[in-house]
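Since the structure comes first, as structure tokens, the remarks are kept for the end.
The values are calculated or read from the model by the stated rules, or taken from the named source; none is laboratory data. No experiment lies behind these values; they were computed from the predicted model shown. Because the Cβ atoms are built from the backbone with ideal geometry, glycine has one as well, and the counts that use them run over all protein chains shown. Heads up: the accessible areas ignore ligands, DNA and RNA and are worked out on the full protein's heavy atoms, side chains in. Shrake-Rupley method; radii C 1.70, N 1.55, O 1.52, S 1.80 Å.
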Amino acid sequence: MPLVLFVLVTLTFALIRAAPGSPFQGERNVPEQVRQQLEEKYGLNDPWYEQYGRYLGRLAQGDLGISTKYRDRTVNEIIRTGLPPTALLGGTAIVLALAIGLVAGTIGAVRQNSVFDYASMSVATLGMSVPTFVTGPVLVLVFAFAWKLLPVSASGFEVSYSAWPVAAVLALHVAWRVTERVRVGAAGFSWGREAACAWLAALLVAVAAALTLLVRNTALILPAVTLALPYGSRIARLMRAGMLEVVGQDYVRTARAKGLSETTVVVRHALKGGILPVVSFLGPAVTGILVGSLVVERIFAIPGLGREFVESALNRDYFLVLGIVILDGALLVTFNLVVDVVYGFLDPRIRYD
Amino acid sequence: MDRARDPADEKAEAAADDAHRASDGPWRQAWRQLRRNRMAMAGLVVVLVVGLSAMFAASVAPFDPRISESWETSLPPGARHLDLVNEIVLQKGSPRERDVPPRVLAAMQDGHDHVLTMEVLTEEVKQLRLTMDGAKVVQIQGDRAARLPKVELGEDDFLRAKEDGARIAARVLEPGAELPPGSPRKDGRWVLLAEWVRRAPDARRKVEAGFGYGAISRVLVDGAPHEGELRIRAEHVRDIRLDGERLEHVHLLGTDLNGYDVFSRIVYGGRISLLVGLVATLVSLTIGVVWGAVAAYAGGRVDVVMMRTVDVLYALPYIFLVIVLMTAFERSLIMLFVALGLVQWLTPARIVRGQALSLRRREFVEAAVTLGTRPAAILFRHIVPNTLGIVVVFTTLTIPAVVMEESFLAFIGLTVKFQGEPIDSWGALVESGRNALGVNGERWWMLVFPGAVMSLTLFSLNFLGDGLRDALDPRQKGRS
């Protein structure tokens with residue numbers, strides 16, 4: 001994991017350094033002398049290895065440098081203001097995608113070849129093929145312009161976390177009631193009651209929080225749905241395929257033979273195996289959602305990191321570009337690690353040495 | 001068939017079919033499989049149609065996407081429009097190319113006599129002086145400061161501010177009325193000098209031009225000969241006929257803000273998008289196949305190092321690097337091929353390595369080794385060709401991914417430049433369509449059509465890819 005980050009930093013650094021021109025060259029009204037002073041201040045005139053070494057040294061202390069475009073702001077500051085909207089949007093989108101995808105995929109697999117199955121799979125294939133930058137504007141066209149239900153831009157949405165604790169308590173309660181009714185299954189194949197409760201609660205908390213957030217912030221609905229659509233579709237397809245594979249296996253047949261109810265069989269036994277492809281997809285999905293936020297933030301004028309990144313790349317704002325790439329890289333690598341751990345937890349056959 | 005089918009009959013047929021199938025090569029079998037998959041076949045048809053029309057864009061697109069018709073901007077889909085040029089100049093003798101509509105020019109060359117008839121609006125401009133209170137009209141004065149009680153505009157009439165030529169959207173002007181939004185406005189009491197452009201229907205002139213042998217022989221205005229040159233602006237022409245036949249064309253999908261034909265732009269845009277998709281996929285395939293096959297064949301430490309590299313690169317947020325690459329360097333087409341190709345080669349490297357590992361232990365490879373064939377020859381004659389099935393599937397599934405990535409880059413403003421000129425791929429069209437929507441989305445066609453064509457193509461490619469995978473690699477069937 002540190003290796004990946006190191007390669008990422010080096011590669012990005014090399015790319016930016018290899019590019020012709022300086023970040024101050026494009027600006028007009030910068031006299032030659034001032035430009036040289038600026039380059040001196042940012043240390044751009046030093047040999048590359050010194051710059052690289054200095055950057056690594058600062059990075060180790062968590063200092064990402066100063067933006068060359070907004071000269072009075074550090075990269076850390078910019079990231080601190082840009083991250084909350086992006087995180088909120090991305091988190092809401094991935095929770096929505098999971099909620100829709102898991103439910104649609106499971107029902108599709110349990111009721112294979114039903115009308116619901118065909119309908120949801122067609123929608124899912126369509127959802128995967130239509131790029132976010134088409135869905136976004138089209139959703140705006142339909143819901144904001146034609147029907148006037150939702151606001152066009154989300155620039156002013158409120159970043160609030162107050163919804164989360166309320167949702168958490170509510171979801172815990174619901175999860176407790178649900179798991180109480182599902183009896184413990186055969187040893188070795190079942191989740192412990194506490195674990196099952198925790199998992200379900202976590203998902204429900206997230207869903208409830210996302211929903212409360214959306215109700216309180218209608219401006220967030222369109223961007224979140226736009227971002228969630230392709231991943232929800234993909235998750236639905238993966239979930240359906242995974243469940244179909246598991247449903248035919250012996251341990252599920254055993255569970256049925258014991259006389260367990262269909263709900264118990266699906267929720268307690270099949271789900272755990274069927275969800276595996278979805279879990280391994282979560283890593284790429286988070287990457288995709290980060291990338292997608294570049295587009296969605298642009299469409300809906302959200303002042304987040306994605307917009308900042310595109311602008312900084314266009315402005316050649318060296319340190320800002322580096323900072324955002326490193327942050328995103330770190331997020332992805334961490335997430336992939338978490339996914340690996342969860343995977344091992346769900347599927348005991350997999351062991352990491 | 002009127003005879004009820006006997007189940008035994010069917011079984012025999014199926015058996016014969018199976019036997020027949022077994023005698024076919026793997027490619028024919030796959031083709032058979034694919035033909036049975038209706039969605040995949042539909043996808044294939046769509047992909048072929050889109051691909052061919054992009055290939056022969058010049059003959060498919062009705063208009064040149066580089067020629068804008070500034071007098072017909074933002075026409076809705078299906079709008080019929082007269083064949084015109086910016087300014088028609090009629091004068092005895094050979095006209096210059098840009099002075100008459102192309103179809104007239106074409107007709108001139110055939111050596112026969114033709115007659116061009118036009119109906120042209122004449123404009124009468126009246127000066128108005130509006131005394132305003134904010135956006136409210138207090139007093140209207142016409143010529144010689146005469147007060148007018150009310151001004152009602154005819155269908156072709158319009159009002160414009162004298163100062164900057166801005167249109168004033170009012171249809172009726174009377175003291176006490178407010179000017180509609182979009183009109184010039186100031187706070188407090190002020191004076192707005194306006195022009196009332198009247199285009200009375202009875203003020204239409206009939207212009208006739210006769211020509212033959214490549215030259216205009218006579219110009220008549222309302223039946224009387226006109227000497228010297230006659231200039232007619234496109235926006236004043238209400239009717240134009242060549243030998244009695246109306247000269248008009250249809251913009252199937254409308255025109256955009258700059259008067260370019262949307263359909264033509266989509267066709268030409270597809271050329272860029274699909275070209276990028278195809279070439280970048282081939283680049284990534286070449287790297288990936290060679291990398292994977294070499295790693296598998298070499299084995300041992302080389303294999304470990306090569307595949308570790310792939311693992312590390314896999315974990316990078318690649319699209320960010322592509323963006324950095326595209327902004328840092330010149331955004332040429334080749335750069336784009338390289339950037340996108342470099343992103344995609346990791347997956348085929350892994351797949352091919354897996355395949356090659358199992359192929360390496362097969363008898364025919366061992367036979368080749370025994371015969372003393374060089375390793376390179378074994379790799380490219382024996383191992384790589386046998387991974388082709390998977391490579392084909394990968395290609396059809398990667399093209400849409402690359403097309404999407406390229407359009408994504410174009411959408412965030414990183415359009416490719418070719419010889420210094422930006423080229424509009426589908427992504428760029430969608431982006432400009434989004435910007436052109438207007439306050440209420442009234443110009444929807446500039447967004448919806450490019451988006452729909454693009455989505456349909458990606459949808460079809462995905463279905464085709466899925467179908468091919470089912471046909472070529474039945475073990476994977478049903479996976480997503």
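Summary of computed values
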item: Charge dipole magnitude, Cβ of K and R +1, D and E -1 - region B:281-401, Cα centre, debye nearest 20; result: 220
item: Test item: A:132-145 mean partner chain Cβ contacts at 10 Å; result: 6
item: Binned Cα-Cα distance frequencies in region B:211-367 - 5 Å width, integer %; result: 2, 7, 9, 11, 10, 8, 8, 6, 5, 5, 5, 5, 4, 4, 4, 3, 2, 1, 0
item: Charge dipole magnitude, Cβ of K and R +1, D and E -1 - region B:344-439, Cα centre, debye nearest 20; result: 620
item: Listing of region B:311-347 residues, each with accessible area lower by at least 50 Å² in the full protein assembly than in the chain alone (probe 1.4 Å); result: B:V312, B:A315, B:L316, B:P317, B:F320, B:L321, B:V324, B:T327, B:A328, B:F329
item: Interatomic Cα distance distribution for region B:334-480, bins of 10 angstrom, percent; result: 10, 27, 26, 19, 11, 5, 2, 0
item: Residues of the protein assembly as shown: accessible area per residue with a 1.4 Å probe, Å²; result: 50
item: Surface/4 estimate of mean projected area, convex hull on alpha-carbon atoms of region B:212-304, nm²; result: 13.3
item: For region B:365-480, with +1 on Lys and Arg beta carbons and -1 on Asp and Glu, the positive-most of B:F449, B:G433, B:V365 along the dipole; result: B:V365
item: Stokes-Einstein diffusion coefficient of region B:391-473, Kirkwood radius over Cα pairs, 4 °C, 1.567 mPa s, in µm²/s; result: 92
item: For chain B: lysine pairs under 15 Å (alpha-carbon distance), excluding those fewer than 8 apart on one chain; result: 4
item: For region B:152-209, the spread of Cα positions along each principal axis, largest first, Å; result: 53, 22, 16
item: Dipole-positive endmost among B:A293, B:L278, B:V305 within region B:238-311 (Cβ charges, Cα centre); result: B:V305
item: Protein accessible area in region B:122-244, 1.4 Å probe - carbon and sulfur %; result: 46
item: Percent carbon-and-sulfur accessible area, region B:347-434, ignoring ligands, DNA and RNA, probe 1.4 Å; result: 58
item: Distance histogram in 10 Å bins (all Cα pairs of chain B, percent per bin); result: 4, 13, 17, 17, 15, 12, 9, 7, 4, 1, 0
item: Using a Förster distance of 51 Å, the FRET efficiency for B:Y314-B:N440 (Cβ separation, nearest 0.05); result: 0.65
item: Hydrodynamic radius of region A:236-353 per Kirkwood, over alpha carbon pairs, in Å; result: 17.1
item: Shielded residues, region A:297-338 - accessible-area loss of 20 Å² or more between chain alone and all protein chains, probe 1.4 Å; result: A:R298, A:I299, A:F309, A:V310, A:A313, A:L314, A:R316, A:V325, A:D328, A:L332
item: Inverse of mean 1/r across different Cα pairs in the protein assembly as shown, Kirkwood, Å; result: 32.0
item: Accessible area that becomes buried as A packs against B, both chains, 1.4 Å probe, Å², nearest 100; result: 3900
item: Spatially proximal aspartates and glutamates relative to A:K258 (Cα-Cα < 18 Å; intrachain offsets below 8 disregarded); result: A:D250
item: Inverse mean reciprocal Cα-Cα distance (Kirkwood Rh) of region B:98-235, Å; result: 17.8
item: Carbon and sulfur %, accessible surface of region A:51-92 computed with the full protein complex present, 1.4 Å; result: 56
